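Every number here is computed from the coordinates shown, using simple stated rules; none is lab data. Everything quoted here is computed from the prediction, not taken from an experiment. So basically every Cβ, Gly included, is an ideal-geometry build from the backbone, and we count neighbours across all protein chains shown.
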Amino acid sequence: MIKLCCNYVDEAVIGCENGLNLKQEFQNYKDKIADIITDLNKRKDKPGQWLQWMNLGYSEETVWYVKEYASMVQGRFENILVLGIGGSALGGLAVTEALLKPYWNLLTDEQRDGLPRIFFLDNIDPDSMTGLLNMLDLSKTLVNVITKSGSTAETMSQFMIVKNILEQKLGANYRYNIVATTDKKTGVLRQIAEQEGYKTFVVPNDVGGRFSVFSAVGLLPFALVGLDIDEMVNGIKDMDLALKNTDINENIAAQNALIHYLLDTKKGKNMAVMMPYSSRLKYVSDWFVQLWAESLGKSDYVGQTPLKALGATDQHSQIQLYNEGPNNKVINFIRVEKFDNNLEIPSIFEYTGIGYLGGKSVNRLLNAEADATRVSLTDNKRPCVTITLDKINGYTLAQLLYMLEVQTAITGELYGIDTFNQPGVEQAKNYTYALMGRAGYEESAQELERKMAMV
Ligand code: PA5
């Protein structure tokens, strides 16, 4: 199981101006937290509550269909190309980056055990898109287009470009190179998929994009590149069981939720930094940033601004600010106890400045840097928590992501907001539709042009 250490947010360590009396606060909020956990678990099966993500660990049918399709297409494609944005891409990126061998796409077929490369196209930059499309042989590529709404402008414009190229290359058979993940019934992509005869997977009802990583949105690409999705599902199930515990003293998601909520509302820590000490977990920060920002940044100026950092790299860019700048952040370290590799630094120099490194491991150096950074932040009275994974695998990673999802849901309840909507995102999406001339958005377009002409 993953662990949470929150000693370094305690006022006994960093003083009462910046820290919390944890024992007291856990006691104060004991009943409220128990009610929140009970309520979330009660509501999770009700339609319209957007809590179906809490059931994804138990969705045996999806796992079965995903594995069946993955084994059916195994060996047929050199590449997987995922088209999607936001919640339709970030979970996939976070998990594949963490669990595939590093530099996966640069490895030979043999080194990848014959499994395909994987690319995520999560932007519409014309230069990078052209570059990717020139580089990939689309006829040897399985394109997984993922959009819950089925009409997101970025994803659907990518899809239209890719579909056109595929059709020109492969004729009617192009459809075997496409698999669509979208809503079961609604949306333009669903209509197209049915008309054209694509294989499809479903983004379940009441699962928002940023909570969808363990639906077919993530599981399908994971299975296609040979990741063990059963291991992930087991991780979620075990974590879900642990997080059903209504006692805050035993529930790490509830503890971290309350810590963030109180540090924000009582101590002015309105930013939350996610800083894994592992390059493989780099995109977990991107995923978390979306989860925290879109879920908790709501009207009435609620929500902490999430920031991403990577240890040890960002010790040399951001830590100066975190140590001495505005004391308005809580830092979340993620620490890995045991890396897959043990990398020794050879004893080849005796200079005083670097000789001490010889004979030690990079593993030890990285975790020493995590400890050193945490202690220096503590010296400067900056609150930090540490989440520890004994090692990185599908089980621990799924636990980490699921724990952060539950933490987000509990924090939203503490703020008293709707964690699962995203009106701010929808507003910008609608403005884009208006500017690009989508039917039905004519009035909006006029209004927008008027506003834009004013500045
Ligand atoms: O979390 C969310 O709901 C959003 O970030 C969506 O995932 C994103 O806007 C993409 O939407 P869709 O999956 O409908 O294309």
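Computed from the Cβ-Cβ distance with R0 of 45 Å, the FRET efficiency linking GLU250 to LEU448 stands at 0.30.
Within the chain, which is the longest segment that contains none of the GluC sites (Glu not before Pro) sitting in a DSSP loop with at most 13 other Cβ atoms within 10 Å? Between exposed loop sites, the widest span is 111-336. Counting other Cβ atoms within 10 Å as a rough exposure proxy, the listed residues TRP292, TRP104 run TRP104, TRP292 from fewest neighbours to most.
Quick one: grab the alpha carbon gyration tensor of the range 58-196, order the square roots of its eigenvalues as a ≥ b ≥ c, and give me rounded if a/c is under 1.5, else prolate or oblate depending on whether a/b is larger than b/c. Rounded, since a/c falls under 1.5. Bridging of LYS140 to lysines at a Cα separation below 22 Å is possible for LYS67, LYS101, LYS163, LYS169, LYS199, once same-chain residues fewer than 8 apart are set aside. Placing +1 on each Lys and Arg Cβ and -1 on each Asp and Glu Cβ, with no other charges, gives the chain a dipole about its Cα centre of roughly 160 debye. At q = 0.18, 0.19, 0.22, 0.29 Å⁻¹, work out log10 I(q)/I(0) for the range 151-207 with the Debye formula, treating every Cα as an identical point scatterer and leaving solvent out; two decimals please. Ignoring solvent entirely, the Cα scatterers give -0.61, -0.67, -0.88, -1.30.
Counting Lys and Arg as +1 and Asp and Glu as -1, each charge on the Cβ, what is the dipole of the range 196-249 about the Cα centre in debye, to the nearest 20?
I would put it at about 160 debye.
Within a 10 angstrom radius of the beta carbon, how do THR181, THR305 rank from fewest other beta carbons to most?
THR305, THR181
Enclosing the Cα atoms of the chain in their convex hull gives a volume equal to 176 cubic angstrom per residue. Restricting the calculation to Cα atoms, every distinct pair contributes to the Kirkwood radius of the range 31-138, found to be 17.2 Å. Database remark: amide H of THR305 closer than 5 angstrom to the amide H of MET271, ALA272 (H placed geometrically; neighbours at sequence offset of 5 or more, or on other chains; Pro and chain starts carry no H).
Once backbone amide H atoms are built at 1.01 Å from N, VAL143 has LEU81, ILE178, VAL179 as its partners under 5 Å, excluding neighbours fewer than 5 places away on the same chain. Among ILE331, VAL225, VAL73, which residue has its Cα positioned farthest towards the positive end of the charge dipole of the chain, with +1 placed on the Cβ of Lys and Arg, -1 on the Cβ of Asp and Glu, and the dipole taken about the Cα centre? Farthest along the dipole direction, towards plus: VAL73. Here the label points at MET129 and PHE339, each 7 Å from Cα along the C-beta direction, are separated by 3.8 nm in the simple model. For the range 254-388, what class follows from the C-alpha gyration tensor (a ≥ b ≥ c being the square roots of its eigenvalues): rounded when a/c is under 1.5, otherwise prolate if a/b is larger than b/c, else oblate? Judged from the Cα gyration tensor, the range 254-388 comes out prolate (a/c at least 1.5, a/b above b/c). Look at the dipole of the chain built from charges on Cβ: of ASN270, GLY416, ALA453, the Cα furthest out on the positive end belongs to ALA453.
With a Förster radius of 35 Å applied to the C-beta separation of ASP371 and ASN21, the computed FRET efficiency comes to 0.90.
Using a cutoff of 8 angstrom between alpha carbon atoms and counting only pairs six or more residues apart, the relative contact order for the chain works out to 21 percent. Available extension along the chain between LYS429 and GLU194 is 82.1 nm, counting 0.36 nm per residue and deducting the alpha carbon span. In this simple spin-label model, placing a label point 7 Å from the Cα along the Cα-to-Cβ direction at both SER361 and THR313 gives a separation of 2.3 nm. Per residue, the average separation of C-alpha pairs within less than 8 Å and at least 6 apart gives the range 199-357 a relative contact order of 20 percent. The order of LYS169, LYS148, LYS185, LYS282, going from fewest to most other C-beta atoms within 10 Å of their C-beta, is LYS185, LYS169, LYS282, LYS148.
How big is the antiparallel share of DSSP beta bridges in the chain, given as a percent to the nearest 5? Just about 10 percent of them are antiparallel. Across the range 1-85, the mean sequence separation of Cα contacts (distance under 8 Å, 6 or more residues apart), normalised by length, yields a relative contact order of 10 percent.
Along the positive direction of the dipole of the chain (beta-carbon charges: Lys, Arg +1; Asp, Glu -1; about the Cα centre), which of GLY114, GLN168, ALA89 reaches farthest? Positive-end residue among those listed: GLN168. Would you list the P(r) distribution for the range 307-455, with all Cα-Cα distances sorted into 5 Å bins from 0 and each bin expressed as a whole %? All Cα pairs, binned at 5 Å, distribute as 2, 7, 10, 12, 11, 12, 11, 9, 7, 7, 5, 3, 2, 1, 0 percent. Taking 7 Å steps out from each Cα toward its Cβ at TYR176 and ILE348 produces label points 5.1 nm apart.
Residue by residue, the range 342-350 carries 3J(HN,Hα) couplings of 10, 10, 7, 9, x, 7, 10, 10, 10 Hz when phi is fed to the Karplus relation 6.51 cos²θ - 1.76 cosθ + 1.60 (θ = phi - 60°); x denotes Gly or Pro.
With charges only on Cβ, +1 for K and R and -1 for D and E, what is the dipole size of the range 151-219 about its Cα centre, in debye, rounded to 20?
Numbers: 8 positive and 6 negative charges, 22 e Å.
Taking the Cα centre of the range 151-219 as origin, the dipole is about 100 debye.
Can you grab the distance from the C-alpha centre of the range 151-226 to the C-alpha centre of the range 277-324, Å, no decimals? Comparing the Cα centres of the range 151-226 and the range 277-324, I get a distance of 30 Å. Full extension of the chain between MET1 and LYS46 yields a length gain of 13.3 nm, computed as 0.36 nm times the residue separation minus the alpha carbon distance.
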